[in-house]
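The values are calculated or read from the model by the stated rules, or taken from the named source; none is laboratory data. For clarity, every value in this text was computed on a predicted model and none was experimentally measured. Using ideal geometry, Cβ is built from the backbone for each residue, glycine included, and neighbour counts are taken over all protein chains shown. Please note that ligands, DNA and RNA were not included when accessible areas were found on the heavy atoms of the full protein model with its side chains. Shrake-Rupley method; radii C 1.70, N 1.55, O 1.52, S 1.80 Å.
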Amino acid sequence: MRVRIREFLHDWLGITLSVGTINKTIHESGRAVMPVEEILIEVALKSGLLNIDETSWPQKERLLWLGVFVSTTVVLFRVGRRTAAIFQALIIKNVYLGWIMTDGYQVYREQTKRLRCWAHLIRKARGLEEALNSEAQYFGEKSLFLLNSLIAAIKQAREAPPAQALSITYKQQIEEYQRLCEKMSLSEHKKTHALSVEMLNNWAVIFTVLDHPHLPLTNNEAERTLRHWVILRKICYGTRTDEGSRVFAILARVIETCRIRQC
C-alpha cells in the first residue's frame, strides 16, 4: 500500500517521498490519535445499540479477524486472533448494557439484549424458495411470507403504535411457523435443515423486535462500514505487524467516526 501511496503522491501532487517516510508518517498519525481511543470506547459503551460484524484480516502469515462496532456517533475497530476475543474484550469486559445487532455467530448468544439481522434470514429463505427440492421450496416460501408480513407490520408500527404488541397479534402465525421449523429440522435437505435449526436456536432473539419495533431489522450499518476496509484489505493485503494492526484499527476508528458525524 505504501508503494501505491508513493505513486499517487508523485503522479498527482508532484510530491516525492520514500516508502519508509510514508510508513513512519502513518505510524505517527496512529500514535497521535491514540489518546482519543478511550473516549470513543466510552461513548460507544453508553449507546443504546451497537451493530457488530467481522471479517478476516491477514497480518503477514497470520489470519486474524477485524471486528467493527457501530453506534450512531462512534465506530470502533479491533483486530484480534479470534472474533470471540474481540467481542469479549469490548462488550463483556466492559459490561455493555445496550442492544447489539449481529449475525448468527455463536459467540454472541450469551448477550441477552441481542437482535438478529433479518436480511441474512431472508437471503437464505429466498435461496430455498429458488431451490429444486420441493420441500426446500415450500419452507422457503413459508419463511419469506412470514418474515415479509412481519416487516410490513413493524414498519407500520413505527408510524402508528398498535393497540397491542405485534408478538401477540401474530402469535398464532409464529407458533405455526415454529412447528414447521421443528419439522424441517429433521429434513435431509442440508440448507433446509440449516435454516430451520438456525431459526430455532435464535427464536427469541429473532422475534424480539416485534415487542420493540423501533429497533432495526438489519445489520446494514456494520456491513456498510466494513465494506471500505474490505476493499483496502484487497489492495494492501492486510498488515504486517501487531503495531501495524493497532495503528490501522485506531486510524480506521477515527476516519469512520468522522464519516458518520459528517466531520
Connecting every pair of Cα atoms under 10 Å apart in the chain and solving the GNM, the largest mean-square fluctuation among Trp12, Trp65, Trp203 falls on Trp12
Carbon and sulfur atoms account, in whole percent of the 1.4 Å probe accessible area of the chain, for 54 percent
So the number of lysine pairs in the chain with alpha-carbon atoms under 15 angstrom apart, 8 or more residues apart or on different chains, is 9
Using a 1.4 Å probe on heavy atoms of the protein chains only, the accessible area for Arg6 in Å², nearest 10, reads 100 Å²
For the chain, longest principal axis from Cα atoms; helix 118-129 axis from its Cα atoms; angle between them, nearest 10 degrees, is 60 degrees
Loop-resident GluC sites (Glu not before Pro) in segment 179-263 with no more than 10 other Cβ atoms inside 10 Å, DSSP not H/G/I/E/B, are Glu188
Options [x] 5, 17, 16, 14, 13, 11, 10, 9, 4, 1, 0, 0; [y] 6, 25, 28, 21, 13, 6, 1; [z] 6, 29, 38, 22, 5, 0 for P(r) over Cα pairs in 10 Å bins from 0, in percent; the value derived from the coordinates is listed as [y]
Ranking Ser185, Ser18 from most to least accessible area with a 1.4 Å probe gives Ser18, Ser185
At R0 = 25 Å the Cβ-Cβ FRET efficiency linking Asn220 and Val36, nearest 0.05, sits at 0.45
Between Arg240 and Ala163, the FRET efficiency computed from the C-beta separation at R0 = 35 Å comes out, to the nearest 0.05, as 0.05
Under 5 Å from the placed amide H of Val75, counting only residues 5+ away or on other chains, we find Thr257
At the level of C-alpha centres, the distance separating segment 226-245 and segment 79-123, in angstrom, is 22 Å
Here, GluC sites (Glu not before Pro) of segment 41-121 satisfying both criteria (DSSP loop; at most 13 other Cβ within 10 Å) are Glu61, Glu110
Packing-ranked peptide list from 156-168, 205-217, highest mean Cβ count within 10 angstrom first, is 205-217, 156-168
Once the dipole of the chain is set up from charges on Cβ (+1 Lys and Arg, -1 Asp and Glu), the residue from the list Leu147, Trp229, Gly98 lying farthest towards its positive end is Trp229
For Met184, the accessible surface traced by a 1.4 Å probe with all protein chains present amounts, in square angstrom to the nearest 10, to 10 Å²
In order over segment 228-243: 3J(HN,Hα) from phi, Karplus 6.51/-1.76/1.60, θ = phi - 60°, whole Hz, x for each Gly or Pro, gives 4, 7, 5, 5, 4, 4, 5, 7, 9, 6, x, 10, 10, 9, 4, 5
A correct Karplus calculation of ³J(HN,Hα) over segment 168-181, with 6.51 cos²θ - 1.76 cosθ + 1.60, θ = phi - 60°, whole Hz and x for Gly and Pro, returns 7, 4, 9, 4, 5, 4, 5, 5, 5, 5, 4, 5, 5, 4
When every protein chain stays in place and a 1.4 Å probe is rolled, Lys113, Lys190, Lys234, Lys155 sorted by accessible area with the largest first are Lys190, Lys234, Lys155, Lys113
To the nearest Å², the heavy-atom accessible area per residue of the chain with 1.4 Å probe amounts to 56 Å²
